[in-house]
Amino acid sequence: MKLKLTLLSTLILIGSLAKAQDSLMIRKIYDEELVNGQCYSNLHYLCKNIGQRISGSANAQKAVEWGKKLMESYGFDKVYLQPVMVPHWVRGAKEEGAIIKGDKKISVHIAALGMTVATPKNGLTAPIIEVQSLKELETLGAGVIKGKIVFFNRPFDPRFIETLRAYGTAGDQRFAGPAAAAKYGAAGVIVRSLTETLDFYPHTGATSYTKDGVNIPAAAISTKDANTLSAMLKMKSLPAVKFYFKQNCELLPDAPSFNVVGEMTGSENPNKFITVGGHLDSWDLAEGAHDDGTGVMQSVEALRLLKVMGYKPKNSIRAVFFINEENGDRGGIKYAELADQNKEEHIAAIESDLGGFTPRGFTFEGISPARIEKISSNWSKLLAPYGSGVLTAGGGGSDIGPLAEKSKGVVLIGYMPDSQRYFDVHHTPNDVFENVNKRELELGAASMASLMYLIDQHGLN
Ligand SMILES: [Zn+2]
């Protein structure tokens, strides 16, 4: 049979051959990961042999050194550190908290918010007032607030399907609540933990003071204790409810630290980069398994997968372990500064920092809806069989955010896993290795490697 090829049918043929090739490559990436994956055992090492690694700590330094060795063992073309000074906040002795009514004292579970100050040595006891929002605080004003402990108690809105959105809308109480309450003369702040789960884990996390404001002590309280406190406040019977808490945290001088970078040099465009990363630092209450041990281990795994498969990237591809995402973002800022200084052109940066749960897809930031639609129509089908086919508009990530300013044209991409369980463990003593599922973690790493491959082959235009 004679085959007549018009120009159009030739193009269609070439297109479908490329798709078949992409589809085959992605299958191979998943096969390699699911049979020979290393990210789970690497995560085990990070969590169990190093553990919590808050910026400036000896453990953070251990994690940097181990991370560099790990990357070197994979034989990437370049492995190096990017020095950066980071805040050095320490929690000190374990906090105490209690609801006081007359001579009744009910102990509660609290954790100092990151970057906050200590209470007086013997703790702080004061009348406590519940508010639902910063707006309500403003309405009450100094007349009511002065000298009191402010209790921010607005819960997560359960109607959001993506829990990150609930976090986003409740989060102002933690990020900005203490500074706002200080403005009206509050003595301290207690914030309902940012989670939809009812349990006794306090969820820490950073807050920020204003430069010219007074720094008052602030802590998160577990959701169950928050409910008890709220119920007691509603009783309105005398004597009035007071709150006691004691925390011993301290902000030490900035400490030296590093981002860890591994790179495979591009064969066609060595100065164009596709970066994948997560943050190496974690809060100090647990092992930082989901936040963000999974993200860093998936990132280096994505690069390792392409390397062991003998893939020769056209553009340079990088895995980055950013430092200090949790309480300063200094690593992300430094990375963007250096990219600018070194005149590197970033095509895309992908961040995994929403936990190591079942992949759903990726969110794209800083590009037009039309381009996202085009990307989705080309690649969704390739990733959908692996559960990662949702390619949609949304945030990139804190560490890669600063690149948007410094590297023109970069597309920021967030790895999007299922979000339903993230805030069960986020910033709590429960963020441990045992709560990470091996297959979910591996599927995520393979999806990140696949996306890197597609971007390297076809670009994002
Ligand atoms: Zn994180």
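The values are calculated or read from the model by the stated rules, or taken from the named source; none is laboratory data. Here the structure is a predicted model, which is why all the values come from computation and not from measurement. Methodologically, a virtual Cβ is constructed for each residue, glycine included, from the backbone with ideal geometry; neighbour enumeration extends over all protein chains shown. When the accessible area is computed, the model is the full protein with side chains, heavy atoms only, and any ligands, DNA or RNA have been set aside. Shrake-Rupley method; radii C 1.70, N 1.55, O 1.52, S 1.80 Å.
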statement: When Ser377 is run through (1) open to solvent by 10 Å² or more (accessible area, probe 1.4 Å); (2) touching a Leu at 6+ places or on another chain (Cβ under 6 Å), the failure sits at (2)
- prompt: Pairs, please: C-beta under 8 Å, at least 6 apart or cross-chain, first residue without any contact (Cβ under 8 Å) to a residue 60 or more places away in the chain and in a loop (DSSP other than H, G, I, E, B) and in segment 416-438, second surrounded by 22 or more Cβ atoms within 10 Å (Cβ to Cβ) and not acidic (Asp, Glu)?
  reply: none
query: Is segment 39-61 home to any residue that is open to solvent by 50 Å² or more (accessible area, probe 1.4 Å) and assigned to a strand (DSSP E or B)?
result: no
query: Going through segment 322-338 one residue at a time, which ones are more than 18 Å from Leu252 (Cα to Cα), out of contact with any Asp or Glu (no Cβ under 6 Å at 6 or more places or on another chain) and either among the hydrophobic types (A, V, I, L, M, F, W, C) or in a loop (DSSP other than H, G, I, E, B) (or both)?
result: Ile333, Ala336, Leu338
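Are any of the residues in segment 84-97 touching a Lys or Arg at 6+ places or on another chain (Cβ under 9 Å), under 30 Å from Leu233 (Cα atoms) and buried (at least 18 other Cβ atoms within 10 Å of the Cβ)? Can you show your working first?
Start the filter on segment 84-97 by keeping residues that are touching a Lys or Arg at 6+ places or on another chain (Cβ under 9 Å), which leaves 84-87, 93, 95-97.
Still in the list and also under 30 Å from Leu233 (Cα atoms): 93, 95-97.
Adding the requirement that they be buried (at least 18 other Cβ atoms within 10 Å of the Cβ) leaves 95, 97.
Yes, segment 84-97 has at least one match.
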task: Scan (1) touching a Pro at 6+ places or on another chain (Cβ under 9 Å); (2) within 13 Å of the ligand (Cβ to nearest atom) for the single condition Leu280 breaks and write down its number.
output: (1)
field: Some residue of segment 120-136 being in contact with a Leu (Cβ under 9 Å, 6 or more places away or on another chain), in a loop (DSSP other than H, G, I, E, B) and either surrounded by 15 or more Cβ atoms within 10 Å (Cβ to Cβ) or modelled with pLDDT under 95 (or both)
entry: no
message: Any residue at all in segment 411-425 that's modelled with pLDDT under 95 and open to solvent by less than 10 Å² (accessible area, probe 1.4 Å)?
response: no
- prompt: Which one of the conditions (1) open to solvent by less than 60 Å² (accessible area, probe 1.4 Å); (2) assigned to a loop (DSSP other than H, G, I, E, B); (3) on the phi < 0 side of the Ramachandran plot does Gly147 fail to meet, given that it meets all the rest?
  reply: (3)
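Here are some residues: Gly396, Gly401. Which one is within 16 Å of the ligand (Cβ to nearest atom), within 27 Å of Glu287 (Cα to Cα) and touching a Ser or Thr at 6+ places or on another chain (Cβ under 8 Å)? Walk me through it before giving the result.
Numbers: Gly401 fails: touching a Ser or Thr at 6+ places or on another chain (Cβ under 8 Å).
Result of the check over Gly396, Gly401: Gly396.
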- request: Could you tell me whether segment 396-404 includes any residue that is open to solvent by 30 Å² or more (accessible area, probe 1.4 Å), under 18 Å from Gln457 (Cα atoms) and either modelled with pLDDT under 95 or in a loop (DSSP other than H, G, I, E, B) (or both)?
  value: no
